[in-house]
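The values are calculated or read from the model by the stated rules, or taken from the named source; none is laboratory data. This one's a predicted model, so the numbers in the text were calculated from it and none came from an experiment. Here the Cβ positions follow ideal geometry from the backbone for every residue, glycine too, while neighbour counts run over all protein chains shown. Ligands, DNA and RNA are excluded from the accessible area calculation, which covers all protein heavy atoms including side chains. Shrake-Rupley method; radii C 1.70, N 1.55, O 1.52, S 1.80 Å.
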Amino acid sequence: MSIEILKAGIADSIHDTGRYGYQFQGINPAGVMDPLAAMVANFLVGNPAGEAVIEFHFPAAVLQFDKTMIGALSGADFSASMHGIDIPLNTPFLITKGDILQFTHLQNGACCYLALRGGLDTTDYTEAISHSKEKTLPWKLHLQDFYRTNHPVRLLSGHEWEQLTEESKLKLLKSAFSISAQSNRMAYRLQGGRLQTSNPVSMLSSAVTKGTLQLLPNGQLALLMADHQTTGGYPRIAHVISADIPVLAQSGPLSSIHFTLVSQQTATQAFKKQQDALYSMQKGCDLQLNRWLINFSL
């Protein structure tokens, strides 16, 4: 045992980036809400992108470590600290035996991720950490370009897009929607103007995925997230592009959202650009961490 939960959080859990390829059997991928932040946390400590992390929601757990290790936090800012020392986001930090990690204030975002070098079955780095004079390691990642909070969330039209009235299409793309307090890891309930189809829709349950925007019978919207079901019987009017899922994952209750419609080409280019940037970050973190470890003959 290397982590003791001194105080439980409200909805903390352990996830990797999901298990894909089984939705046809009714098994959803699940995984972290914000895969980008989880991958960045892993990169900072030298882990593979899909290594399991701890996902925190505020108020978050208080953890005590009984083993020396290297950790990193990414995603939401919950004012993390250890023994009165602030722990910044997107920066690897050193953990020594007995250290207590706690989160005191919600600054921004909705999901915070803790990665530990070697995964949750961590490797001991006592010698290196005992020689270090600092709590944090000397490199940091900047993620502002990934979280476009002042931009509309980009959509692809869904299978039932054309069933919306023209007025409803304009309302979806010109109005603001807010995330309801009834939202969870399965779906965000969006509050805003009522949308409607040209004719009553009766449809068989059909495939859905993370980012699917469904029109509910009451005219409101459900936006499927990490723990979504694999099929649904409501019109799939649009889908959030993969590159914008992290923005939604870090949008908490009452957050305001605007939508815009884009082409498949735009969605593909945005995803490729994001993946290329993540690849560069991973290689840069590996280089920095290896140099740091070499300095201590590890």
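Consider the range 65-93 and keep the residues that are among the aliphatic types (A, V, I, L, M) and assigned to a loop (DSSP other than H, G, I, E, B). The one that is surrounded by the most Cβ atoms within 10 Å (Cβ to Cβ) is 89.
Within the range 165-176, residues that are at negative phi have Cβ atoms under 8 Å from residues that are in a helix (DSSP H, G or I) and not charged (D, E, K, R) in these pairs: 169/161, counting only partners at least 6 apart in sequence or on another chain. When each of 12, 34 is tested for being in contact with a Ser or Thr (Cβ under 9 Å, 6 or more places away or on another chain), among the acidic types (Asp, Glu) and touching a residue at least 40 places away in the same chain (Cβ under 8 Å), the lone residue that passes is 34.
Quick one: which of 91, 68 is at pLDDT below 95 and either under 25 Å from residue 19 (Cβ atoms) or polar (S, T, N, Q) (or both)? Even if it seems obvious, please write down each step before you answer.
Numbers: 91 fails: at pLDDT below 95.
Answer to the check: 68.
For the range 29-54, a residue qualifies if it is over 30 Å from residue 291 (Cβ atoms) and in contact with an Asp or Glu (Cβ under 8 Å, 6 or more places away or on another chain), and the qualifying residues are 30, 31, 33. In the condition set (1) crowded, with 17+ Cβ neighbours inside 10 Å; (2) touching a residue at least 60 places away in the same chain (Cβ under 8 Å); (3) within 23 Å of residue 47 (Cβ to Cβ), residue 286 is compliant with all but (1).
Considering only residues that are of a type in the set (Phe, Trp, Tyr) and open to solvent by 10 Å² or more (accessible area, probe 1.4 Å), look in the range 22-64 and name the one that is farthest from residue 212 (Cα to Cα).
Of all residues in the range 22-64, those of a type in the set (Phe, Trp, Tyr) come to 22, 24, 43, 56, 58.
Add one more test, that the residue is open to solvent by 10 Å² or more (accessible area, probe 1.4 Å), and what stays is 22, 24, 58.
Values: 22: 18, 24: 16, 58: 26 Å.
Per the stated criteria, the residue is 58.
Of everything in the range 174-185, what is farther than 13 Å from residue 258 by Cβ and either open to solvent by 80 Å² or more (accessible area, probe 1.4 Å) or small (Gly, Ala, Ser) (or both)? Give them in sequence order. Answer for the range 174-185, where residues must be farther than 13 Å from residue 258 by Cβ and either open to solvent by 80 Å² or more (accessible area, probe 1.4 Å) or small (Gly, Ala, Ser) (or both): 180, 181, 182, 183, 184.
One line per residue, one yes/no per condition, for (1) exposed (fewer than 15 other Cβ atoms within 10 Å of the Cβ); (2) modelled with pLDDT of 95 or more:
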residue: 168; (1), (2): no, yes
residue: 172; (1), (2): no, yes
residue: 187; (1), (2): no, yes
residue: 192; (1), (2): no, no
residue: 200; (1), (2): yes, no
residue: 215; (1), (2): no, yes
residue: 218; (1), (2): yes, no
residue: 222; (1), (2): no, yes
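If you go through the range 224-244 and pick out every residue that is touching a strand residue (DSSP E or B) at 6+ places or on another chain (Cβ under 6 Å), assigned to a loop (DSSP other than H, G, I, E, B) and open to solvent by 20 Å² or more (accessible area, probe 1.4 Å), you end up with 1. Just one of the numbered conditions (1) within 22 Å of the chain's Cα centre (by Cα); (2) crowded, with 16+ Cβ neighbours inside 10 Å; (3) more than 27 Å from residue 21 (Cβ to Cβ) is not true of residue 260: (2).
Based on what the data block shows, is residue 265 free of Cβ contacts under 8 Å to residues at least 60 places away in the same chain and open to solvent by less than 40 Å² (accessible area, probe 1.4 Å)? Full working, then the answer.
On the way: free of Cβ contacts under 8 Å to residues at least 60 places away in the same chain: yes; open to solvent by less than 40 Å² (accessible area, probe 1.4 Å): no.
Against the criterion (free of Cβ contacts under 8 Å to residues at least 60 places away in the same chain and open to solvent by less than 40 Å² (accessible area, probe 1.4 Å)), residue 265 does not qualify.
Checked against the criterion of being in contact with a strand residue (DSSP E or B) (Cβ under 7 Å, 6 or more places away or on another chain), more than 30 Å from residue 260 (Cα to Cα), modelled with pLDDT under 95 and small (Gly, Ala, Ser), the range 106-119 contains not a single residue that satisfies it. Selection within the range 3-21: residues that are more than 21 Å from residue 146 (Cβ to Cβ) and out of contact with any strand residue (DSSP E or B) (no Cβ under 8 Å at 6 or more places or on another chain). The member of this set that is surrounded by the most Cβ atoms within 10 Å (Cβ to Cβ) is 11. Being crowded, with 16+ Cβ neighbours inside 10 Å, at pLDDT 95 or above and assigned to a helix (DSSP H, G or I), is that true of even one residue in the range 139-151? So far as the range 139-151 goes, no, none of its residues is crowded, with 16+ Cβ neighbours inside 10 Å, at pLDDT 95 or above and assigned to a helix (DSSP H, G or I). In the set (1) within 13 Å of the chain's Cα centre (by Cα); (2) among the hydrophobic types (A, V, I, L, M, F, W, C); (3) under 25 Å from residue 285 (Cβ atoms), the condition left unmet by residue 45 is number (1). Restricting attention to the range 5-57 and to residues that are small (Gly, Ala, Ser) and in contact with a helix residue (DSSP H, G or I) (Cβ under 6 Å, 6 or more places away or on another chain), the residue that is nearest to residue 138 (Cα to Cα) turns out to be 46.
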